[in-house]
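Down below is the structure, laid out as structure tokens.
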Amino acid sequence: MDNFHAYCLRLAYELPAVVLSADYRLAPEHRRPAAHNNAASVVTWVHDQAVASGDATDPWLTESADFGRVFASGDLADAGIVHHVALHLGSGQLVVDPACVAGCALLFPCFDGVERTRSKALPGPYLTLPYSHQGWRLALPQGATRDYPLANPFGQESPALDTVALLPLLIVVAQHNLLRDREIDYAMGLRAMGKQVELVEFEGSITGSSPSSLGDAGNEMVRVVKSFVYGNGDDAPRPVKSS
């Protein structure tokens, strides 16, 4: 999509960084964990590129990319996938060495659960409650509820996170988003376990699209991500006004 491509170009220019935009299989034809398996393949590809030699190397990538400082990021559903990438890296289920993933940026991550939260009473206009629930029904395995581990990181069936060596995380949430409470609980729950989490809330923002289409907040989004990448974040929730 043009807006995602434009956002990646902007990050590449302003960070600066080599930005790789990965695709994945979509539901309902390919229900979860198909998308997560695709994400794992991307991590394996990064590892393969880092160890490649001779004719197997990509000269441009070898010259331009810093495999010692890799970041994973995604927005909305993609951010939920990035959580599981971080989980699998931290638990040793995915290996990227000698490349090094330095952190993960989750922008408006789509987490949910069966229990109703207060923010779910918020109106759309983009992400409404029926739309959200229908999306999960189409994306999750047949018969799975929204407490399934790929939807609810703190569900009863989800793996314990306290012993996982999670990477530093940036969590960006929107104030007027029906999944806001889940996102806040996710960040605070990880902090309570001693994980390194930076939490930023965009005041006045109603998410439902990519960061590239957030109007003036797009500038702040790039600034927040750049601050995280260069290690200028802190542990205090940082509100950012947006329209």
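When each of L89, L9 is tested for being without any contact (Cβ under 8 Å) to a residue 40 or more places away in the chain and either over 15 Å from the mean Cα position of the chain (by Cα) or surrounded by 13 or more Cβ atoms within 10 Å (Cβ to Cβ) (or both), the lone residue that passes is L9.
When you look at Y24, is it aromatic (F, W, Y), over 25 Å from Y230 (Cα atoms) and in contact with a helix residue (DSSP H, G or I) (Cβ under 7 Å, 6 or more places away or on another chain), yes or no?
Criteria met by Y24.
In the set D55, D75, D66, only one residue is without any contact (Cβ under 8 Å) to a residue 60 or more places away in the chain, under 28 Å from V224 (Cβ atoms) and among the acidic types (D, E); that residue is D66. Within region 148-184, the set of residues being of a type in the set (D, E) and under 19 Å from P130 (Cβ atoms) comprises D181 only.
Of the residues A39, A6, the single one that is assigned to a helix (DSSP H, G or I), in contact with an Asp or Glu (Cβ under 9 Å, 6 or more places away or on another chain) and of a type outside the set (D, E) is A39.
Filtering A79, A12, A65 for residues that are under 29 Å from L161 (Cβ atoms) and not polar (S, T, N, Q) leaves a single hit, A79.
Residues are listed down the side, and each one gets a yes or a no for (1) more than 25 Å from N219 (Cα to Cα); (2) of a type outside the set (S, T, N, Q); (3) within 16 Å of the chain's Cα centre (by Cα):
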residue	(1), (2), (3)
D147	yes, yes, no
L150	yes, yes, yes
V164	yes, yes, no
L169	no, yes, yes
A174	no, yes, yes
D181	no, yes, no
G194	yes, yes, no
L199	no, yes, yes
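The set of residues in region 12-21 being surrounded by 13 or more Cβ atoms within 10 Å (Cβ to Cβ) and in a helix (DSSP H, G or I) consists of A12, E14. Restricting H47, H36 to those that are closer than 24 Å to L15 by Cβ and of a type outside the set (D, E) reduces the list to H47.
Kindly check whether there is at least one residue in region 221-228 that is among the aromatic types (F, W, Y), over 30 Å from R31 (Cα atoms) and modelled with pLDDT of 95 or more. Yes, region 221-228 contains at least one residue that is among the aromatic types (F, W, Y), over 30 Å from R31 (Cα atoms) and modelled with pLDDT of 95 or more. One residue is enough: does region 129-138 have a residue meeting the conditions assigned to a loop (DSSP other than H, G, I, E, B) and either surrounded by 14 or more Cβ atoms within 10 Å (Cβ to Cβ) or modelled with pLDDT of 95 or more (or both)? No, the conditions are met nowhere in region 129-138.
One line per residue, one yes/no per condition, for (1) more than 30 Å from D48 (Cα to Cα); (2) of a type in the set (D, E, K, R); (3) at pLDDT 90 or above; (4) not in a strand (DSSP E or B):
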{"residue": "R116", "(1), (2), (3), (4)": "yes, yes, no, yes"}
{"residue": "L127", "(1), (2), (3), (4)": "yes, no, no, yes"}
{"residue": "P141", "(1), (2), (3), (4)": "yes, no, yes, yes"}
{"residue": "E157", "(1), (2), (3), (4)": "yes, yes, yes, yes"}
{"residue": "V164", "(1), (2), (3), (4)": "no, no, yes, yes"}
{"residue": "I171", "(1), (2), (3), (4)": "no, no, yes, no"}
{"residue": "G208", "(1), (2), (3), (4)": "yes, no, no, yes"}
{"residue": "G215", "(1), (2), (3), (4)": "yes, no, no, yes"}
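The criterion of being part of a loop (DSSP other than H, G, I, E, B), touching a residue at least 24 places away in the same chain (Cβ under 8 Å) and touching a helix residue (DSSP H, G or I) at 6+ places or on another chain (Cβ under 6 Å) holds for V96.
The values are calculated or read from the model by the stated rules, or taken from the named source; none is laboratory data. Predicted, not measured: the structure shown is a model, and the values here were computed from it. Ideal geometry is used to build each Cβ from the backbone, glycine not excepted, and the neighbour counts take in all protein chains shown.
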